[in-house]
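Novice: Quick one: structure below, then a few questions.
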Amino acid sequence: MNIEIYSKDHCPFCDKAIHQAQQMVQESHHKYVVYKLGVDFELHELLERAPTARTFPQIFIDDKNIGGYTEFSQIIK
């Protein structure tokens, strides 16, 4: 499973998602990458990939947008 987390600074849900991804990687062969707004991407780039995105983080699993932290935490249980 390849996990991409599009995050921004000062976002508690972004931090939670990153922490969950770190735990998953330690326990399995999954991989994750974190992208930061203003450093790795601009908002318009994210909206091209996920046009309905309105919150942070936005998480992709195997190139499919699954939503934010709440959806991510439900999937990994």
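Every number here is computed from the coordinates shown, using simple stated rules; none is lab data. Predicted, not measured: the structure shown is a model, and the values here were computed from it. Positions of Cβ are backbone-derived with ideal geometry, glycine not excepted, and every protein chain shown enters the neighbour counts.
Novice: How do 59, 5, 18 rank when sorted from fewest to most other Cβ atoms within 10 Å of their own Cβ?
Specialist: On the way: 59 26, 5 22, 18 18.
The order, fewest Cβ neighbours first, is 18, 5, 59.
Novice: On to the next question. Here are several values of mean projected area of the Cα convex hull in nm²: (i) 5.3; (ii) 4.2; (iii) 4.7. Which one was derived from the coordinates shown?
Specialist: (iii)
Novice: Grab the beta carbon distance between residue 75 and residue 48, set R0 = 25 Å, and tell me the FRET efficiency rounded to 0.05. Walk me through the numbers on the way to the answer.
Specialist: Working: r = 24 Å, r/R0 = 0.95.
Working from the Cβ atoms, E equals 0.60.
Novice: Quick check: the angle from helix 12-27's long axis to the longest principal axis of the chain, C-alpha only, nearest 10 degrees?
Specialist: It is inclined by approximately 40 degrees.
Novice: Still on this structure, please answer the following. Counting other C-beta atoms within 10 Å, and keeping those with at most 12, which DSSP coil GluC sites (Glu not before Pro) do you find in the stretch 1-48? Don't skip to the end; give the middle numbers.
Specialist: Working: sites: 4, 27, 42, 45, 48; in loops: 42.
Those that pass, being in a loop and sparsely packed, are 42.
Novice: Report the trypsin sites (Lys or Arg not before Pro) located in the stretch 9-65 that are in a DSSP loop and have at most 15 other Cβ atoms inside 10 Å of their Cβ, or state none.
Specialist: 54
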